[in-house]
1. Arrange the peptides 71-82, 47-58 so that the one whose residues have, on average, the most other Cβ atoms within 10 Å appears first.
2. Taking 0.36 nm per residue of sequence separation and subtracting the Cα-Cα distance, how much length would be gained by fully extending the chain between residue 25 and residue 40, in nm to one decimal?
């Protein structure tokens, strides 16, 4: 993934991490007007059983910007409620 590839090149500074989000409840997502059946299918693909909140994405970024992540580089931190876990089939259920 991008984080790993770039992290190997910039391992000293600045640290490189990628944070691809999962499905996040935002105004932009609400514009899609998912039918109940579609929403149930999407939530069924997320082991935590719910969409992420913008605050949760921000908290992941705050951690990565903090001293607590000073030894983290070249990583992809996926914040998606477990949606992309291999055990879950990833996005295969959604046809992606």
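1. Details: 71-82: 16.7, 47-58: 13.2.
Highest-to-lowest ranking by the protection proxy: 71-82, 47-58.
2. Separation in residues times 0.36 nm, less the Cα-Cα distance, equals 4.0 nm.
Quick note: the coordinates plus some simple rules give every number you see, no bench work behind them. A quick note: this is a predicted structure, and the numbers were derived from the prediction, not measured. In this analysis, Cβ positions are derived from the backbone assuming ideal geometry, glycine residues included, and neighbour counts consider all displayed protein chains.
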